[in-house]
Amino acid sequence: EYAEKSFELARDFNDMSCNFSVIDRHGQGRSSRHLPNPEKQHAREIDHDVYDIIRYCKDLIPAGESVILLGHSTGALLATLALKKAPELFRAAILTAPLFGLANHVIRGKEPLLARLPLPQTLRDLYFPGMGNWLPRTHPDSVLKPEDFSSDPVRNKVHDFWMTGDRTLRAGAPTVGWAIEICKGIMRTRTPGFAENIKQPVLIFTAGQDKLICNKHAFNIASRITNVALHHYGSAHHEILMEDDTVRQPVITHIHDFLKNTLK
């Protein structure tokens with residue numbers, strides 16, 4: 001997605017005396033795009049995104065600063081892979097609705113197959129079946145509706161507001177190639193020893209009403225990490241950090257306490 005949606009969250013972290021940086025990953029936000037159709041959410045190799053996170057933190061964050069990774073959904077998968085790839089760089093990680101398994105009925109349970117699927121580039125560049133260019137979540141033809149993301153009516157409008165007003169921020173549905181690369185990353189996290197070897201403190205939040213993420217795999221990964229705290233909110237939807245205050249405020253409090261204990 002795009003950095004602008006994180007303004008409220010950035011202020012929350014500033015209030016906790018933390019600097020806050022956002023990366024528009026390749027293919028999203030104001031970053032360059034993979035394909036001629038700029039609205040296609042695409043990926044070529046997931047390691048490119050992981051190395052972008054690592055290079056950003058090495059090159060642009062002042063030496064000696066404690067770096068806490070915060071990742072949501074796909075970003076949480078990438079953050080976990082970066083945490084494992086460069087453990088010396090990161091003090092801890094916060095993951096919300098981590099994408100360790102997909103809930104989409106076409107993909108769910110087939111991540112191992114998709115990760116190994118040999119397809120020509122022409123097919124990888126196509127939208128995933130039944131999906132297409134960006135539509136406002138309130139549009140009657142939109143596959144996903146605002147209530148699939150948050151129960152907060154005001155925060156929900158943030159997504160459509162920014163992308164309606166600025167076409168360069170628009171991202172439609174994922175491509176087949178995106179699904180394949182994400183499944184490759186997911187399968188890495190399921191490898192024996194992967195989660196067990198993560199030694200940094202990890203804070204995980206999951207949403208009981210999540211229609212995009214399969215929580216079963218998030219619970220499994222969490223059970224294998226040595227130093228982990230998991231908080232599940234049964235009433236929350238996918239965008240936990242943009243939920244209404246009955247969910248969001250306790251989450252921010254947990255994050256505050258986690259940072260205070262981790263950085264003391």
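The values are calculated or read from the model by the stated rules, or taken from the named source; none is laboratory data. The shown structure was predicted, so the numbers you read here are calculated from the model rather than taken from an experiment. Every residue, glycine as well, gets a Cβ built from its backbone with ideal geometry; the counts of neighbours run over all protein chains shown. Note: areas computed on protein heavy atoms with side chains; ligands, DNA, RNA excluded. Shrake-Rupley method; radii C 1.70, N 1.55, O 1.52, S 1.80 Å.
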Potential extension, PHE7-THR164 segment - 0.36 nm per residue separation minus Cα distance = 54.8 nm
task = Positive end of the charge dipole of the chain (Lys, Arg +1 and Asp, Glu -1 on Cβ, about the Cα centre): tell me which of VAL50, SER73, PHE7 has its Cα farthest that way.
result = VAL50
key: Label zone at ASP47 (point 7 Å along Cα-to-Cβ), backbone N below 20 Å, segment 174-188   = 177-188
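Provide the FRET efficiency to the nearest 0.05 for the ARG224-HIS105 pair, computing r from the beta carbons and using R0 = 25 Å. Before the final figure, lay out the partial values.
Details: r = 26 Å, r/R0 = 1.06.
Working from the Cβ atoms, E equals 0.40.
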remark   = Among (1) 17; (2) 11; (3) 30, the entry matching percent of Cα pairs over 32 Å apart as calculated here is (1)
ask   = How much length is gained on full extension from LYS85 to SER32, taking 0.36 nm per residue of separation minus their Cα-Cα distance?
value = 16.6 nm
request  = Among ALA92, THR191, ALA103, pick out the residue whose Cα is farthest towards the positive end of the charge dipole of the chain, where Lys and Arg carry +1 and Asp and Glu carry -1 on C-beta, about the Cα centre.
outcome  = THR191
query = How large is the dipole of segment 133-264 about the Cα centre if only Lys and Arg carry +1 and Asp and Glu carry -1, each at its Cβ, rounded to the nearest 20 debye?
reply = 520
task = Using the Cα centre as the reference, give the magnitude of the dipole from point charges on the C-beta atoms of the chain (Lys, Arg: +1; Asp, Glu: -1; all else neutral), rounded to the nearest 20 debye.
result = 780
inquiry  = For segment 117-169, take the convex hull of the Cα atoms, compute a quarter of its surface area, and give me that in nm², please.
reply    = 5.1
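Would you mind checking the pairs LYS157/LYS199; LYS211/LYS264; LYS40/LYS216; LYS110/LYS145; LYS85/LYS145; LYS157/LYS184 and listing those with alpha carbons more than 30 angstrom apart? Before the final figure, lay out the partial values.
On the way: LYS157/LYS199 38 Å; LYS211/LYS264 37 Å; LYS40/LYS216 28 Å; LYS110/LYS145 25 Å; LYS85/LYS145 35 Å; LYS157/LYS184 33 Å.
Distance filter (> 30 Å) returns LYS157/LYS199; LYS211/LYS264; LYS85/LYS145; LYS157/LYS184.
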task = Please report the base-10 log of the normalised intensity I(q)/I(0) for segment 203-247, using a Debye sum with one equal scatterer per alpha carbon and no solvent, at each q in 0.14, 0.28, 0.31, 0.34 (1/Å).
result = -0.32, -1.02, -1.15, -1.26
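Once a ≥ b ≥ c are taken as the square roots of the eigenvalues of the Cα gyration tensor of segment 178-264, is the result rounded (a/c under 1.5), prolate (a/b larger than b/c) or oblate (a/b not larger than b/c)? Walk me through the numbers on the way to the answer.
Numbers: a/c = 2.27, a/b = 1.19, b/c = 1.91.
Oblate, because a/c is 1.5 or more while a/b does not exceed b/c.
Any idea of the accessible area per residue across segment 127-230, 1.4 Å probe, to the nearest Å²?
On the way: 4720 Å² over 104 residues.
Heavy-atom SASA per residue in segment 127-230 reads 45 Å².
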query = Between segment 190-239 and segment 1-36, what's the alpha-carbon centroid distance in Å?
reply = 22
Whole-percent carbon and sulfur share, accessible surface of segment 146-256, 1.4 Å = 59
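Among rounded, prolate and oblate, which fits segment 120-232 when a ≥ b ≥ c are the square roots of the eigenvalues of its C-alpha gyration tensor, a/c under 1.5 means rounded, and a/b larger than b/c means prolate? Show your work: numbers first, answer last.
Details: a/c = 2.55, a/b = 1.43, b/c = 1.78.
Since a/c reaches 1.5 but b/c is at least a/b, the shape of segment 120-232 is classed as oblate.
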query = Where does the chain land at 222 nm, in deg cm²/dmol rounded to the nearest 500, when only DSSP H runs of n ≥ 4 count, each adding -39500 (n - 2.57), divided by all residues?
reply = -11500 deg cm²/dmol
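Applying a 10 Å radius around every beta-carbon, put 55-65, 156-166 in order of their mean neighbour count, most first.
Numbers: 55-65: 10.1, 156-166: 16.7.
So the peptides 55-65, 156-166, ranked by packing, come out 156-166, 55-65.
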request  = Using only the alpha carbons of segment 1-88, determine the length spanned along each of the three principal axes and report them from longest to shortest in whole angstroms.
outcome  = 41, 29, 22
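Let me know the charge dipole size of segment 194-264 about its Cα centre in debye, to the nearest 20, where only the beta-carbon of Lys, Arg (+1) and Asp, Glu (-1) is charged. If you can, show how the numbers build up before the last one.
Numbers: 7 positive and 7 negative charges, 67 e Å.
It works out to roughly 320 debye.
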remark   = Between VAL143 and LYS157, the two model label points (7 Å from Cα along the beta-carbon direction) sit apart by a distance in nm of 2.7
